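J.: Please see the structure below; I have some questions.
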Amino acid sequence: LNVGDSQILALQLTKQGGERVRALAAASPFVKLLSIESSLEEFERKALQIRPQVLLVEYDPENRGLIDLLERLRISVSGSAVVALSNSKEPEHIIRAVRLGVREYLAEEPDSIQAFKEAILRIRMPTQVSEEPKGRLFGVIGSKGGVGTSHLAINLAWAFSQVMGQRVALVDLDMSGGNEAFLLDLEPKRDWTDVAQNFERLDAVLLDSLLLEVAPGFRLLAAPDDPVEAEEVRPNHVGAALDFLARSHAFVVIDLGSGLDDLNLVAIDRCEQMLMVLEPTVVGLKAAARLVSLSQRLGHEKERIRPLVNRADSRGSILPREVEAVLNREVVAWLPNQYPALAEAANIGRPVLSIDSKCKWSKAVMELATKLANETGESG
Ligand SMILES: Nc1ncnc2c1ncn2[C@@H]1O[C@H](COP(=O)(O)OP(=O)(O)O)[C@@H](O)[C@H]1O
Ligand SMILES: [Mg+2]
């Protein structure tokens, strides 16, 4: 697993190239620009000495010295990924770069910052399957339907992957009305029923092929469109699939829907913790208390369920201390009411964090994601 920032050593051939490098590095999370060299020799010396994850070079296909250098580096620092910043989209220039071992070729992208960030994410997160299920599993469950469970799950997955640069699987286990794919504007050709139908030969590679890419390092295992089809999915399918996902992802975020059933109980059993979403109303609190007591009867540790209040500032809300007293637990986050931003996100099929990272709801979700990521993951 790749924790921490990706170290970048850069090479500029021109002043503009250097400025381009600086602008890209400054705008990207999870990267650390070590230095920008303008001499080929100095760049090569540092590359050999530091062996950074990324070598970012201003690329000029006509520069013989640079071409020779890339040829050498390809062997001498084979562990570093070369990202080429070019001005040319000429096919022969691109092919030449590929033959020189360039991993990512960026030229005249409409949104160069986004293109750079995605390139870094692809480099940071190769598909790797470990022996142990090392990934951290977080469940998100609604005390009842319609409280914001799905939006929260999507945005947590986005924060872990696109802001923190970790490999993340989002799992839609809400078989009755699963809508993560819809909220992400995807029309899944593969979903949980494929896991069920191929269960006999399921392995990490097959499971990988059933995930849909939302963004680099962020993939979704979708719920079936049709609840009847979902009946094929059995608890042992869920258990096995989650175990595979935890071996190839740093974080697995599971939309558990609302209520408990034989499928999400298997997932809950594997979750480090469950974020229980509730609305601060009498009815909402009552539903949450019921879920807490159900979880107690199932013998879960108290820390396993962490209440989270959504639309916390709605009119007529129940007071924070009352919520905590009734549930006998600390509330892990208070998310504000944010009608236009959430509705827009659903309409255009993108996470709220990706379209309005500055709104209060996004900030509160980001703060929660940071808190969860910084906890060790040993408890629960
Ligand atoms: N904090 C919020 N502010 C405003 N609207 C919200 C908020 N959270 C959720 N919603 C709205 O509530 C509805 C249900 O959200 P969703 O995430 O699908 O809930 P669930 O998965 O619990 O059914 C959506 O229309 C969404 O826009
Ligand atoms: Mg939902």
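J.: Please verify whether E108 is touching a Lys or Arg at 6+ places or on another chain (Cβ under 9 Å), of a type outside the set (S, T, N, Q) and at pLDDT below 90, treating the condition exactly as stated.
T.: Values: touching a Lys or Arg at 6+ places or on another chain (Cβ under 9 Å): yes; of a type outside the set (S, T, N, Q): yes; at pLDDT below 90: yes.
For E108, the condition - touching a Lys or Arg at 6+ places or on another chain (Cβ under 9 Å), of a type outside the set (S, T, N, Q) and at pLDDT below 90 - is met.
J.: While we're here: Against the condition assigned to a helix (DSSP H, G or I) and not hydroxyl-bearing (S, T, Y), how does L256 come out, does it pass?
T.: Values: assigned to a helix (DSSP H, G or I): no; not hydroxyl-bearing (S, T, Y): yes.
Judged against the criteria, L256 is not a match.
J.: Continuing with this model, one more query. Does any residue in the stretch 216-241 that is within 20 Å of C271 (Cβ to Cβ) come within less than 7 Å, Cβ to Cβ, of a residue that is among the charged types (D, E, K, R) and surrounded by fewer than 15 Cβ atoms within 10 Å (Cβ to Cβ) six or more places away or on a different chain, and which pairs are these?
T.: Taking only residues 6 or more apart or on different chains, the pairs are R219/E213; P235/D262.
J.: Quick test for you: out of L368, L342, pick the one residue that is within 22 Å of V252 (Cα to Cα), under 22 Å from the mean Cα position of the chain (by Cα), within 16 Å of ligand 1 (Cβ to nearest atom) and touching a residue at least 24 places away in the same chain (Cβ under 8 Å). Before you say what the answer is, go through the steps one by one.
T.: On the way: L342 fails: within 22 Å of V252 (Cα to Cα).
That would be L368, the only listed residue that is within 22 Å of V252 (Cα to Cα), under 22 Å from the mean Cα position of the chain (by Cα), within 16 Å of ligand 1 (Cβ to nearest atom) and touching a residue at least 24 places away in the same chain (Cβ under 8 Å).
J.: Can I ask one more? Say whether the condition of being at pLDDT below 95 and of a type in the set (D, E, K, R) is met by at least one residue in the stretch 202-209.
T.: yes
J.: Further question on the same structure: Just to verify a result, which residue in the stretch 121-141, among those that are more than 16 Å from ligand 1 (Cβ to nearest atom) and modelled with pLDDT of 95 or more, is surrounded by the fewest Cβ atoms within 10 Å (Cβ to Cβ)? Show your work before the answer.
T.: From the stretch 121-141, those more than 16 Å from ligand 1 (Cβ to nearest atom) are 121-137; that's our starting set.
Now narrow it down to the ones that are modelled with pLDDT of 95 or more: 136-137.
Details: R136: 24, L137: 26.
Among them, the one singled out is R136.
J.: Scan the stretch 307-322 for residues that are open to solvent by less than 20 Å² (accessible area, probe 1.4 Å) and either away from ligand 1 (no atom under 11 Å from the Cβ) or not β-branched (V, I, T) (or both) and jot them down.
T.: Keep residues of the stretch 307-322 that are open to solvent by less than 20 Å² (accessible area, probe 1.4 Å), which gives 307-310.
Residues satisfying the conditions are P307, L308, N310.
So that you can scan it fast, the table gives a plain yes or no per residue for (1) within 16 Å of ligand 1 (Cβ to nearest atom); (2) open to solvent by 60 Å² or more (accessible area, probe 1.4 Å); (3) at pLDDT 95 or above:
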site	(1), (2), (3)
P235	no, no, no
L242	no, no, yes
R247	no, yes, no
V253	yes, no, yes
D261	yes, yes, no
V266	no, no, no
M274	yes, no, yes
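J.: Of the residues S130, S88, which is assigned to a loop (DSSP other than H, G, I, E, B) and touching a helix residue (DSSP H, G or I) at 6+ places or on another chain (Cβ under 6 Å)?
T.: Numbers: S88 fails: touching a helix residue (DSSP H, G or I) at 6+ places or on another chain (Cβ under 6 Å).
Result of the check over S130, S88: S130.
J.: Which of the residues that make up the stretch 172-183 are within 12 Å of ligand 1 (Cβ to nearest atom), among the hydrophobic types (A, V, I, L, M, F, W, C) and open to solvent by less than 40 Å² (accessible area, probe 1.4 Å)?
T.: Of the stretch 172-183, the ones within 12 Å of ligand 1 (Cβ to nearest atom) are 172-174, 176-180, 182-183.
Checking the rest, the ones that are also among the hydrophobic types (A, V, I, L, M, F, W, C) come to 173, 182-183.
Result: L173, L183.
J.: Taking the stretch 142-156, which residues are open to solvent by 30 Å² or more (accessible area, probe 1.4 Å) and either away from ligand 1 (no atom under 12 Å from the Cβ) or in a loop (DSSP other than H, G, I, E, B) (or both)?
T.: At the first step, the residues of the stretch 142-156 found to be open to solvent by 30 Å² or more (accessible area, probe 1.4 Å) are 144-146, 151.
Of everything in the stretch 142-156, those that are open to solvent by 30 Å² or more (accessible area, probe 1.4 Å) and either away from ligand 1 (no atom under 12 Å from the Cβ) or in a loop (DSSP other than H, G, I, E, B) (or both) turn out to be K144, G145, G146.
J.: Suppose the filter is away from ligand 2 (no atom under 15 Å from the Cβ) and in contact (Cβ under 8 Å) with a residue 24 or more places away in the chain; does F182 pass it?
T.: Values: away from ligand 2 (no atom under 15 Å from the Cβ): no; in contact (Cβ under 8 Å) with a residue 24 or more places away in the chain: yes.
So F182 does not fit the description; no.
J.: Quick check on this structure: which one of A115, A159 is surrounded by fewer than 19 Cβ atoms within 10 Å (Cβ to Cβ) and under 22 Å from L186 (Cβ atoms)?
T.: Values: A159 fails: surrounded by fewer than 19 Cβ atoms within 10 Å (Cβ to Cβ).
Going through A115, A159 in turn, just one is surrounded by fewer than 19 Cβ atoms within 10 Å (Cβ to Cβ) and under 22 Å from L186 (Cβ atoms): A115.
J.: Across the stretch 276-306, what is the total count of residues that are assigned to a loop (DSSP other than H, G, I, E, B), open to solvent by less than 40 Å² (accessible area, probe 1.4 Å) and in contact (Cβ under 8 Å) with a residue 60 or more places away in the chain? Outline the logic, then answer.
T.: Of the stretch 276-306, the ones assigned to a loop (DSSP other than H, G, I, E, B) are 279-281, 298-301.
Okay, now just the ones that are also open to solvent by less than 40 Å² (accessible area, probe 1.4 Å), so 279-280, 300.
If we keep only those that are in contact (Cβ under 8 Å) with a residue 60 or more places away in the chain too, we end up with 279.
Qualifying residue count for the region: 1.
J.: Right, another one. Scan the stretch 3-12 and give yes if some residue there is part of a loop (DSSP other than H, G, I, E, B), open to solvent by 80 Å² or more (accessible area, probe 1.4 Å) and of a type in the set (A, V, I, L, M, F, W, C), otherwise no. So that I can check it myself, show each step before the final result.
T.: Taking the stretch 3-12 as the starting set, the residues that turn out to be part of a loop (DSSP other than H, G, I, E, B) are 3-5, 12.
Add one more test, that the residue is open to solvent by 80 Å² or more (accessible area, probe 1.4 Å), and what stays is 3, 5.
Retained after the next criterion (residues that are of a type in the set (A, V, I, L, M, F, W, C)): 3.
For the stretch 3-12, residues part of a loop (DSSP other than H, G, I, E, B), open to solvent by 80 Å² or more (accessible area, probe 1.4 Å) and of a type in the set (A, V, I, L, M, F, W, C): present.
J.: While we're looking at this one, here's another question. For Q166, are the conditions met, namely being away from ligand 2 (no atom under 16 Å from the Cβ), surrounded by 19 or more Cβ atoms within 10 Å (Cβ to Cβ) and not basic (K, R)?
T.: Values: away from ligand 2 (no atom under 16 Å from the Cβ): yes; surrounded by 19 or more Cβ atoms within 10 Å (Cβ to Cβ): yes; not basic (K, R): yes.
Considered against the rule, which asks whether it is away from ligand 2 (no atom under 16 Å from the Cβ), surrounded by 19 or more Cβ atoms within 10 Å (Cβ to Cβ) and not basic (K, R), Q166 comes out as yes.
J.: Restricting attention to the stretch 323-343, does a residue exist that is open to solvent by less than 40 Å² (accessible area, probe 1.4 Å) and among the aromatic types (F, W, Y)? Write out each step before concluding.
T.: Filtering the stretch 323-343 for residues open to solvent by less than 40 Å² (accessible area, probe 1.4 Å) gives 323, 327, 329, 331-333, 335-336, 341-343.
Pick out the ones that are also among the aromatic types (F, W, Y) and you get none.
Among the residues of the stretch 323-343, not one is open to solvent by less than 40 Å² (accessible area, probe 1.4 Å) and among the aromatic types (F, W, Y), which makes the answer no.
J.: State yes or no: is R103 surrounded by 15 or more Cβ atoms within 10 Å (Cβ to Cβ), free of Cβ contacts under 8 Å to residues at least 24 places away in the same chain, of a type outside the set (A, V, I, L, M, F, W, C) and more than 16 Å from ligand 1 (Cβ to nearest atom)? Before you say what the answer is, go through the steps one by one.
T.: On the way: surrounded by 15 or more Cβ atoms within 10 Å (Cβ to Cβ): yes; free of Cβ contacts under 8 Å to residues at least 24 places away in the same chain: yes; of a type outside the set (A, V, I, L, M, F, W, C): yes; more than 16 Å from ligand 1 (Cβ to nearest atom): yes.
So R103 passes the test.
J.: A further question on this structure: Anything in the stretch 184-216 that is surrounded by 24 or more Cβ atoms within 10 Å (Cβ to Cβ) and assigned to a helix (DSSP H, G or I)? List them, or say none.
T.: Matches in the stretch 184-216: W192 only.
The values are calculated or read from the model by the stated rules, or taken from the named source; none is laboratory data. Source: prediction; values computed, not measured. Note: ideal-geometry Cβ built from the backbone for every residue, glycine included; neighbour counts use all protein chains shown. Ligands, DNA and RNA are excluded from the accessible area calculation, which covers all protein heavy atoms including side chains. Shrake-Rupley method; radii C 1.70, N 1.55, O 1.52, S 1.80 Å.
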